[in-house]
Amino acid sequence: MSTYYATKAEGCLLLHQGAAALADVEAAGIRIDGRRLQANIDRVSRKISNIREQLKQSEVWQVWEKTYKHKANMRSRSQLGTVLFKQMGIPHPLSIGPNDTRTKGGRYRTDAHTLSLVDHPFVKRYLSCERLEKARATYLLGIQQETHNGYLHPSFNLHLVRSYRSSSDSPNFQNMPRHNPWIARLVRSCFIARPNHYLIESDFSKIEVCISACLNKDPELLRYMRDPTTDMHRDIAAELFQCEQSEVTKQARDCAKGNFVFAQFYGDWYKHCAALIWQNIGSQKLTLADGTPLKKHLATKGIRTLGSCQSGGRPASGTFERHVQRVEDWFWNERFRVYNERREQWWMDYQQRGYFDLITGFRISGLYNRNDVINYRIQGPAFHCLLWALIRLNRWLKKKRMKTKIVGQIHDSIVADVAKSEREAYLAKSNKIMTQELPKAWPWIIVPLKVEAEAAPLGGAWIDKETIS
DNA sequence: AAACAGTGCGCG
DNA sequence: AAAGCGCGCACTGTTT
């Protein structure tokens, strides 16, 4: 029986030094363009009113008001579901197949993914309006509320997350819009550098996969992480779509990456993956490199339908579901066999002991399911790499009495407000700490680490950052 | 009025 | 046997 400990000395030290460094980050704050922020709030507010007016012309709104009278509220998803799928009798898009058309509370499911499958002009407009509402309320107004004297000081916490990652609040700096270009610009154009400074974001590339490979020591995963000419996602896409690697388009690769590789790594299973990918092939009209539609191509391989994807049911032959089941089997029992053995071992060990340890010096005890046990062991240490680097970088900036300040952190990236004259020194030092000093300090890191740095123009906004070659 | 549960959505 | 991990925040609708 080993001695009980909550956290090893290394873990303790990391959190103490991390908290101190993040306190500096919070105190520094990130500069906000207040006029731009107000202009964007006005702009998006006008846009929302316009769309609302249009929505109120629709027959859907007539039914809505008739149903709910003075309580009719366009922001209510629960009302929307009842109006569309009950009052108007529009078939719920998930009613085909085994999917849950209702949430656990018994309401109609009305999230964006579900509604995007409803072919009705009102619904399309409604969704675009809700996206704007989200941008306005959570982000623009949230930022405005927390901005003081032109600076925003988000909190960064090390004591709230079960996997020993960090979180951020007031406002949450770690979920500012990025994927939707229009919304991203609306919000990120308000974050600006100090005068004569650059906003620079340094990102650990593929850090979770790298850490995963270091911990499970799967030879194939290690090979992918060590050889930059290989591409795991492309290879898996070729299996999923039954084609040559050279026929995989970027879109098809990204589909495999998001809906299969990462999903599988996080503990998803083939029935769900098959449904996600099949829907993606259709909605994105995925093709082979020569333009052949993927569904047409798969048909030549004898795969013409998705299959029922019923949990408990055996997939029928000739279905995509059956095919993905085979790929899943190949993925875990051939390609990443060692990884698979290791995660089973992690799960068994936890069940016997009632706790599991992170390699960075933390013991996690309590009730966890299989996926938690596997994922936390990777998620936590991946963030600790970033935290370790942030501590060193901050220390260096202070010791050298530099004007540059770290102003934020997003799990695997550091955002800094870099003085013009310190740009080159900052880039060199951050790169050195992240890719050289860290693996030296933590010898269990046995794959090369890579940083991707992006910089915004001098005095410019976060949204305009561009990759530094 | 405040607290709570439920739902949905933004990010890694 | 179960069936994707981690957060924070806004809003609706109900309960206290």
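The values are calculated or read from the model by the stated rules, or taken from the named source; none is laboratory data. Since we're looking at a predicted model, the values are computed, not measured. FYI the Cβ positions are ideal-geometry reconstructions off the backbone, even for glycines, and counts take in every protein chain you see.
Give the residues of region A:139-165 that are more than 9 Å from DNA strand C (Cβ to nearest atom) and outside any loop (DSSP other than H, G, I, E, B), sorted by residue number.
Hits for region A:139-165 are A:Leu140, A:Ile143, A:Gln144, A:Thr147, A:His148, A:Tyr151, A:Leu152, A:Phe156.
Out of the residues in region A:138-170 meeting the condition of being within 18 Å of the chain's Cα centre (by Cα) and under 23 Å from A:Gln38 (Cα atoms), tell me which one is farthest from DNA strand B (Cβ to nearest atom).
By that ranking, first place goes to A:Asp169.
If a residue must be polar (S, T, N, Q), assigned to a helix (DSSP H, G or I) and surrounded by 19 or more Cβ atoms within 10 Å (Cβ to Cβ), how many such residues does region A:407-460 contain?
Here the count works out to 1.
Assess whether A:Gln345 counts as being within 15 Å of DNA strand C (Cβ to nearest atom) and either in contact with a strand residue (DSSP E or B) (Cβ under 7 Å, 6 or more places away or on another chain) or in contact (Cβ under 8 Å) with a residue 24 or more places away in the chain (or both).
no
State whether the residues of region A:87-97 include one that is surrounded by fewer than 12 Cβ atoms within 10 Å (Cβ to Cβ) and over 30 Å from A:Cys309 (Cα atoms).
The answer is no; no qualifying residue exists.
Name every residue in region A:215-240 that is assigned to a loop (DSSP other than H, G, I, E, B), over 26 Å from A:Gln345 (Cα atoms) and in contact with a helix residue (DSSP H, G or I) (Cβ under 6 Å, 6 or more places away or on another chain), in order of residue number.
Passing the criteria: only A:Thr230.
Could we say that A:Ser168 is of a type in the set (S, T, N, Q), within 11 Å of DNA strand C (Cβ to nearest atom), surrounded by 15 or more Cβ atoms within 10 Å (Cβ to Cβ) and assigned to a loop (DSSP other than H, G, I, E, B) here?
no
Could you tell me which numbered condition A:Arg314 fails, if it satisfies all but one of (1) assigned to a helix (DSSP H, G or I); (2) surrounded by fewer than 17 Cβ atoms within 10 Å (Cβ to Cβ); (3) within 15 Å of DNA strand C (Cβ to nearest atom); (4) at pLDDT below 95?
A:Arg314 satisfies all of (1) assigned to a helix (DSSP H, G or I); (2) surrounded by fewer than 17 Cβ atoms within 10 Å (Cβ to Cβ); (3) within 15 Å of DNA strand C (Cβ to nearest atom); (4) at pLDDT below 95 except (1).
For the subset of region A:1-41 comprising residues that are loosely packed, with under 13 Cβ neighbours inside 10 Å and part of a loop (DSSP other than H, G, I, E, B), which member is modelled with the highest pLDDT?
A:Ala6
Tell me, which residue of region A:98-113 that is at pLDDT 90 or above and part of a loop (DSSP other than H, G, I, E, B) is surrounded by the fewest Cβ atoms within 10 Å (Cβ to Cβ)?
Selected residue: A:Asp111.
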